[in-house]
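Participant: Let me begin by handing over the structure; questions about it come next.
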C-alpha cells in the first residue's frame, strides 16, 4: 500500500450497499489530491452511497476507503437538520469552526470571521435570523458558509444545486472553483451535464459499477452515457452471492485474481486516460447467470 | 394573598424542606426538559421515568423505604434501560421510541410486581406519587447534588449537545462526540428523573421536567430564553403547588404538577410566541 498524498482518496475494491445488495460495486481508483471531480450517473447509480461511504456514514460491504486522515467536509443531499430548532444563521455557520474551537473555546473573537463567510455566500444581514425562516436556497447558502468555515482539505458535495436558482448556483459554483484553485480535493455528485462539462475537469460516471473515470470530455460521451442508463436500478432479490474476490483479504488479491482470470477488476490508479469498462458482466446477477470463475468463500 | 402563599413555608419546617427540594429540582430538570422537547423526545422521557420503577422497587425490597437504596436502584435501572434501548436501536431495525416502549412496559410491570411482593398499598402509593413533604437531609442533599451536576454538565456539553440536536450528521462527520454526548444527556435525564421521583413519585417525575419546558416555548424564542423561562415556570409551579396543597389539603405531588399544568394552559392562551390569543388577533403584516 503506497502512502496517499494528503487530500487524496483511495478506493480499494470498494463495495457499498444496503442489506448486502451493492449500490457501488467493486470500485477501484484514486481521487488525486486537488481534483475537482464530478460524480455523474442515473438515479440509483450509487453517487450518494459512494459519498456516504467515503465519509464513513455507511460501512463498506467489502474493500476499503483510504484517506490520509486530513479534515473532511461533507454536504449531504438530504440533511438531517432540524430546521424548527431555535438557532440563528450565525450559530449554524459557526458550527463549521468546531474543529478549531471544539466544545469549549469561545466564539466571541470569531464573529467577524463567521460574518465574512456569510457575506461571501450573499447572506449579509441574515446573522440573527432563525434558520427556520430561511428559504431553501438561502439555507443552502448558509450551509456553504459553514463549509467555508470548516476549511477542510477534502470537500464532498451531494447534489448541492438541486432546487437552487440559477444565480445562487452560479455563486456557489464560483465558490467551488475558488476552493479548487486553493488545491482542495472536491467531489460533487451532480445531474446537470452542461455544468459538469463547464466546470469540472474530471468525472466519474457511475452506474453501480464504474462506467468511466477520467477527464470529463472523454467520460461524458454519448456511448458511455447510454451504457450508464441501461444498467438496471432495481435490486434483484435473488441476486447470487458475488464471488469476485477482493482487496479486503489482507493481501493484494484483486490483482492476482485479475491476472488469473484474464480480466481486470481494478481501474488503474492513475486514470489520466479515460478508463472504460464493460459492466454487463456483473450487472446481471440472476441465478441462471452462473459465475464461472467462482472461488474463495462466499461473503 | 402573598401572605397566604408564603405562610406555610414560614410556619412549618417540612414545608420549607419541600420548597427547597422543589427549587433544586426546578433548576435542574427544566433545562433538561427543554432539550428533550427540542429533540422531540418528550414522550421518551415519560417512558424512561417508568423504567426507574423496578430499580426503586428492588431497592425497596432489599432495604424498605430507604432513600439511598431506592435511589441507587432507580439510577441503575434507568441507565440500564436507556443503554439497552440505545443498543437495541443501534443494532436492530427498531427505532429508539419503539425499543424504549418495549423496555419501559417490561420495567413498569416488573416494578409494580416487585413492590406488591412485599409492600403495602401505601408503600406503592409513596413510590408512585412521591413523598415531597417527607424529604429528609439525605434527600435534600441528593436533589441539590443532582441540580449541581446537571447544571455543570449542561454547561460543559452545551455546544455538542445543541449540534447533536440540530444536525447530528454534521457532528458525526467532524467529531466522535455525538455518541458520548447522547449517552451523557440520557444519564442526565435519568438522574433528574430519579430526583423527581423523590419529590413527585415515578408517575409524575417528568412533570417538573417537561411541563415548564413546554410552557417556556410560548414565552421565549431561542435557547438563551427558553432555559431561564422554564426554570422560572417550574419555580412558580412549585411555590403555587406546595402552597395550594397545604391550604386545600391536597396531595402535594399532583398539586405541583397541576400548578405547572395551569401555567401551561395560561401560557398557551396568552404566550407571546405563538399563543392562541396572538394567533387570533394578528397584527398587520410588515412591508418587507
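The values are calculated or read from the model by the stated rules, or taken from the named source; none is laboratory data. All values derive from a computational prediction rather than experimental measurement. Virtual Cβ from ideal backbone geometry, glycine too; neighbours counted across all protein chains shown.
Participant: Given the conditions (1) touching a helix residue (DSSP H, G or I) at 6+ places or on another chain (Cβ under 6 Å); (2) assigned to a loop (DSSP other than H, G, I, E, B), which single one is not true for residue A:73?
Facilitator: (2) is the only condition that residue A:73 fails.
Participant: Suppose we keep only residues that are under 21 Å from residue A:179 (Cα atoms) and facing chain B (nearest Cβ under 7 Å) within the stretch A:73-117. Which one would you say is surrounded by the fewest Cβ atoms within 10 Å (Cβ to Cβ)?
Facilitator: Checking each candidate, the answer is A:99.
Participant: Still on this model: Could you say whether any residue in the stretch B:218-236 is touching a strand residue (DSSP E or B) at 6+ places or on another chain (Cβ under 9 Å) and under 24 Å from residue B:39 (Cα atoms)? So that I can check it myself, show each step before the final result.
Facilitator: To start, the set of residues in the stretch B:218-236 that are touching a strand residue (DSSP E or B) at 6+ places or on another chain (Cβ under 9 Å) comprises B:221-222.
Filter again for under 24 Å from residue B:39 (Cα atoms), leaving B:221-222.
So far as the stretch B:218-236 goes, yes, one or more of its residues are touching a strand residue (DSSP E or B) at 6+ places or on another chain (Cβ under 9 Å) and under 24 Å from residue B:39 (Cα atoms).
Participant: Can you tell me which of B:151, B:133, B:100, B:143 is surrounded by 20 or more Cβ atoms within 10 Å (Cβ to Cβ), touching a helix residue (DSSP H, G or I) at 6+ places or on another chain (Cβ under 8 Å) and in contact (Cβ under 8 Å) with a residue 60 or more places away in the chain?
Facilitator: On the way: B:151 fails: surrounded by 20 or more Cβ atoms within 10 Å (Cβ to Cβ); B:133 fails: surrounded by 20 or more Cβ atoms within 10 Å (Cβ to Cβ); B:100 fails: in contact (Cβ under 8 Å) with a residue 60 or more places away in the chain.
That would be B:143, the only listed residue that is surrounded by 20 or more Cβ atoms within 10 Å (Cβ to Cβ), touching a helix residue (DSSP H, G or I) at 6+ places or on another chain (Cβ under 8 Å) and in contact (Cβ under 8 Å) with a residue 60 or more places away in the chain.
Participant: Could you list, in sequence order, the residues of the stretch A:35-63 that are free of Cβ contacts under 8 Å to residues at least 40 places away in the same chain, within 14 Å of chain B (Cβ to nearest Cβ) and in contact with a strand residue (DSSP E or B) (Cβ under 7 Å, 6 or more places away or on another chain)?
Facilitator: Within the stretch A:35-63, just A:53 meets the criteria.
Participant: Would you tally the residues in the stretch B:229-251 being part of a helix (DSSP H, G or I) and more than 16 Å from residue B:211 (Cβ to Cβ)? Even if it seems obvious, please write down each step before you answer.
Facilitator: We begin by selecting, within the stretch B:229-251, every residue part of a helix (DSSP H, G or I); these are B:229-248.
Next, only the ones that are more than 16 Å from residue B:211 (Cβ to Cβ) stay: B:243, B:245-248.
Total satisfying the criteria: 5.
Participant: If residue B:187 passes every condition in (1) part of a helix (DSSP H, G or I); (2) in contact with a helix residue (DSSP H, G or I) (Cβ under 8 Å, 6 or more places away or on another chain); (3) within 14 Å of chain A (Cβ to nearest Cβ); (4) surrounded by fewer than 23 Cβ atoms within 10 Å (Cβ to Cβ) but one, which one does it miss?
Facilitator: Failing condition for residue B:187: (3).
Participant: Residues in the stretch B:62-86 that are at pLDDT below 80 and either touching a strand residue (DSSP E or B) at 6+ places or on another chain (Cβ under 9 Å) or part of a helix (DSSP H, G or I) (or both): how many?
Facilitator: Going residue by residue through the stretch B:62-86, those that are at pLDDT below 80 are B:63-68, B:85-86.
Filter once more, so that each one left must be either touching a strand residue (DSSP E or B) at 6+ places or on another chain (Cβ under 9 Å) or part of a helix (DSSP H, G or I) (or both): B:63, B:67-68, B:85-86.
Residues meeting the conditions: 5.
Condition check ((1) touching a residue at least 12 places away in the same chain (Cβ under 8 Å); (2) farther than 19 Å from residue A:117 by Cβ; (3) part of a loop (DSSP other than H, G, I, E, B); (4) over 17 Å from the mean Cα position of the chain (by Cα)) across all residues:
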residue	(1), (2), (3), (4)
A:164	yes, no, yes, yes
A:168	yes, no, no, yes
A:172	yes, no, no, yes
A:175	yes, no, no, yes
A:186	yes, no, no, no
A:194	no, yes, no, yes
A:197	yes, yes, no, yes
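Participant: Of the conditions (1) free of Cβ contacts under 8 Å to residues at least 24 places away in the same chain; (2) in a helix (DSSP H, G or I), residue B:176 satisfies every one except a single condition; which number is it?
Facilitator: (2)
Participant: What about residue A:152, is it within 14 Å of chain B (Cβ to nearest Cβ), part of a loop (DSSP other than H, G, I, E, B) and either touching a residue at least 12 places away in the same chain (Cβ under 8 Å) or within 20 Å of the chain's Cα centre (by Cα) (or both)?
Facilitator: yes
Participant: Within the stretch B:143-153, can one find any residue that is within 14 Å of chain A (Cβ to nearest Cβ), out of contact with any strand residue (DSSP E or B) (no Cβ under 7 Å at 6 or more places or on another chain) and farther than 23 Å from residue B:255 by Cα?
Facilitator: Scanning the stretch B:143-153, I find at least one residue that is within 14 Å of chain A (Cβ to nearest Cβ), out of contact with any strand residue (DSSP E or B) (no Cβ under 7 Å at 6 or more places or on another chain) and farther than 23 Å from residue B:255 by Cα, so the answer is yes.
Participant: Residue check, residue A:32 against (1) crowded, with 22+ Cβ neighbours inside 10 Å; (2) away from chain B (no Cβ under 14 Å); (3) in contact (Cβ under 8 Å) with a residue 40 or more places away in the chain, all met but one. Which one?
Facilitator: (1)
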